[in-house]
1. Using mean Cβ contacts within 10 Å as the protection proxy, how do 147-157, 82-92 order, highest first?
2. Give the Kirkwood hydrodynamic radius (Å, one decimal) of the stretch 1-82, defined as one over the mean of 1/r across all pairs of different Cα atoms.
3. What does the chain give for Rg and for Dmax, in Å, if only its C-alpha atoms count?
4. Modelling each spin label as a point 7 Å along the Cα-to-Cβ direction, I'd like the PHE264/ARG20 distance in nm, to one decimal.
5. For the stretch 146-182 and the stretch 18-61, what is the centre-to-centre distance using only Cα atoms, to the nearest Å?
6. In terms of the Cα gyration tensor, with a ≥ b ≥ c the square roots of its eigenvalues, is the stretch 135-294 rounded because a/c is under 1.5, prolate because a/b exceeds b/c, or oblate?
7. Calculated from DSSP H runs of 4 or more alone, at -39500 (n - 2.57) each and per residue, what is the 222 nm mean residue ellipticity of the chain, nearest 500?
8. Given H placed on each backbone N at 1.01 Å, which residues far from GLY261 in sequence or on other chains put an amide H within less than 5 Å of it?
Amino acid sequence: MTEFDGDLPPFEIVEPAEWRAPIIFNSPHSGSVYPESFLKASRIDLATLRRSEDSFMDELIADLTGRGFPVVRVNFPRCYVDVNREPYELDPRMFAGRLPSFANTRSMRVAGGLGTIPRVVGDGQEIYRDRLGVEEALQRIEMLYKPYHRALRRLINRAHQHFGIAVIVDCHSMPSVGVSRDEPRRPDIVIGDRYGTSCAALLPDLVEDVMGRLGHSIGRNKPYAGGFITEHYGNPASGLHAIQLEFNRAIYMDERRRERGPRFAEIASDFTELAEALATVPLGELGPFQAAAE
């Protein structure tokens, strides 16, 4: 039986007493509670596994609840189950037994070892000593992945029904340097909107304006355009907007020691300023949009 054996629940949704705006801040990759059975099955140590975490991102957005915004955080690690994937992006090479026919075994993410049940951590190191049973993978999806997405979908639907609009801000962090030596220095923040398809254009424009004014360098869609959550929940024509923000870890933490950096409080304050700015966007400018008459 697969269990999440931490003192915390697998994920948490912290809602304000009163919603300020239909804006949900989500941290799907900051989980740091590692099941003991998972650690025993891993061929690499905890410090190496933790390189995949978006460390402290949940803490950077935690105070936003007090400002009137719901906050979602996942407590299990992404290298155990990655909720920012399709439900069944699975690599047949890592399982003993036959995967169900509906599994997506050919995606680019699976090819890179970064499916729903990852085969490797971010720098390409294999996680498991032995092949996993297919049932183990399916149980993790049933017990962790699906309940998270059901709860997130309910939260989004409530916002949409009450306000006519819902905006999900998917909060991530990225290593300060890429794997390739040819990659230029990464900016402080990369905005992902699936190349203009997951949200109204005014949202990334506003993020770039606010965070740029606060002194941050900004990139768009490269190297991160947004994952499954951004793509799946973003439907601007229906008034559902999803935008991904990737923060360069070097600006708020010591990557080597995995500790909060001297600018941690400053970056948390910048998040608050961004949330306040997003809350001022007139809802009418975010749809839902009707198709133009012929």
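Just so you know, all these numbers are worked out from the coordinates, no wet-lab data involved. What you see is a predicted model, and the numbers here were worked out from it, not measured in a lab. Note: ideal-geometry Cβ built from the backbone for every residue, glycine included; neighbour counts use all protein chains shown.
1. 82-92, 147-157
2. Result for the stretch 1-82, one decimal place: 13.7 Å.
3. Rg and Dmax of the chain, Cα atoms, are 18.9, 62 Å.
4. 2.2 nm
5. 14 Å
6. Note, shape of the stretch 135-294 comes out oblate.
7. -7500 deg cm²/dmol
8. MET253, ASP254
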